Amino acid sequence: MENILTWDEFTKVDMRIGTIVSVEIFKEVKNPAYKLLVDFGDLGKLKTSAQITNLYSSESLIGKQVVAVVNFPPKQIANMMSECLILAGLGGNKDVVILQPERTMPNGTKIA
């Protein structure tokens, strides 16, 4: 296996549970995507984009909890600064399946 992380490196990745509170079509990007605003409780609401339009309608995403990395530096994506990275599984046919907690958890819950 390549790219083995040390335990110390892994513990630096801050993964949290958040709830999607707004979704809009990201018209300025090449590949179909949504602009998302995710509520992480005490950490605040963070913006991101996600290429998840194959499996999810914008309406179905509102209120859905996700797992995201919240301590990457902001990244410019077209005309938006992405502030977090939603974790997902990559399937065939460009299907992207978002990772979700099995049960509802408080926004900002740390993933261990």
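Output the peptides 41-50, 56-65, 4-13 sorted from most to least packed, where packing is the average of other Cβ atoms within 10 Å over each peptide's residues.
Working: 41-50: 17.4, 56-65: 14.0, 4-13: 8.6.
Top of the packing list down: 41-50, 56-65, 4-13.
Hydrodynamic analysis of the chain uses the Kirkwood radius over alpha carbon pairs. Inserted into Stokes-Einstein at 37 °C and 0.692 mPa s, it gives a translational diffusion coefficient of 224 µm²/s. Ordered by the count of other Cβ atoms within 10 Å of each Cβ, fewest first, ARG16, ARG103 give ARG103, ARG16.
Taking the chain as a Gaussian network of alpha-carbon nodes connected by springs under 10 Å, the highest mean-square fluctuation of the residues VAL97, VAL66, VAL23 belongs to VAL97. On full extension, the segment bounded by ALA78 and TRP7 gains 22.1 nm, given 0.36 nm per residue less the C-alpha separation.
Largest GNM mean-square fluctuation across GLN51, GLN100, GLN76, computed for the chain with C-alpha springs under 10 Å, falls on GLN76.
Bear in mind that the values in this text are calculations on the coordinates, not laboratory data. Keep in mind it's a predicted model, so treat the numbers as computed, not measured. A quick note on method: Cβ atoms are made from the backbone with ideal geometry, for glycine too, and the neighbour counts reach across all protein chains shown.
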